[in-house]
Amino acid sequence: MSRSLNKVTLIGNLGADPEVRSTTGGNRVATFSLATSRSWSGPSGDKQEKTEWHRCVVWNSKASTLADIVERYLKKGDKIYVEGRIEYRQWQDKENQTRYTTEINVRELIMLSGKAGGSDSYDSESAGGSNSRPRAAATDRTRGAGAGTAAAGGDFEDFRGNLDTEDDDLPF
């Protein structure tokens, strides 16, 4: 059996504030548009730029409150890193026309334009929030470290200070 991979990694800016709604089943879902840009010099030396727009979808699940985090902390213009999978959907509209959409189903995000230059990392398994510098993996240890502070609305300044100490056991 062959293996496959459907993974998307984007860094860009939100084009508008996220929209959050609840499904009939009670799940919450956030959607937002993410702009990525590239620039290059044309044949005559003039600068050219192209912006791509990506529709991103973030779901709450039994193990995650990622949509709630998006609603609470993200706003138009914020720079974020998202990781997820690409999905294609089709449906019939009111005029019975077949419509198509391409979406990024976000599993992890990092806020890159946070306060004081810090970055906050959230994923669909530890969406209680693990602040990271460098980014920490989603484990029970990081879940416990960030969940209480994020839920209480506190900041991570004490936590960040502990990360800067030199007495770690890392070999590099």
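FYI, it's all coordinate maths here, none of it is from the lab. Nothing here was measured: the structure is a model prediction, and the numbers come from that model. Cβ sites come from the backbone with ideal geometry, for glycine too, and all protein chains shown count toward neighbours.
Ellipsoid semi-axes for the stretch 4-66, based on the Cα gyration tensor and the rule √(5λ), read 34, 14, 8 Å when sorted largest first.
Could you order the peptides 41-50, 21-30 from most to least packed, using the average number of other C-beta atoms within 10 Å per residue? Walk me through the numbers before you get to the answer.
On the way: 41-50: 7.7, 21-30: 11.6.
So the peptides 41-50, 21-30, ranked by packing, come out 21-30, 41-50.
Using the Cβ-Cβ distance between K62 and S41 with R0 = 41 Å, the FRET efficiency computed as 1/(1 + (r/R0)^6) comes to roughly 0.25. Placing pseudo-labels 7 Å out from each Cα toward the beta carbon at V29 and K94 gives an inter-label distance of 1.9 nm.
Counting only lysines at least 8 places from K47 when in the same chain, those with an alpha carbon closer than 30 Å to its own are K75, K76, K79.
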